[in-house]
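Structure first, then comments.
Since every read-out is calculated from the coordinates, none of them should be taken as a lab result. This is a predicted model, so every value here is computed, not measured. Cβ coordinates were reconstructed from backbone atoms using ideal geometry, including for glycine residues, and neighbour counts include every protein chain displayed.
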């Protein structure tokens, strides 16, 4: 890019990007954080549907019966 293109891009950015004038929060978030910390933890097992457990079991069984899949799984993680 040359200087003229840089100036044009700069002008377009100045025209189209809104200026951040008010960056202050409208309220204090600390009381909400304290309220969340005071709540009891959510049980994960209750929130997971049964078919997710079935899929996890099938994936585990596939890794037991086909250990050659382990490097492929680790590669994709």
With label points built 7 Å along Cα→Cβ from the Cα atoms of residue 54 and residue 9, find their separation and express it in nm. 5.3 nm
Inverting the mean 1/r over all pairs of different Cα atoms, compute the Kirkwood radius of the range 38-77 and quote it in Å. 12.3 Å
For the chain, find the longest principal axis of its Cα atoms and tell me its angle to the long axis of helix 3-16, 0 to 90°, nearest 10. 80 degrees
Taking only the Cα atoms of the chain, how large is their convex hull per residue, in Å³? 260 Å³
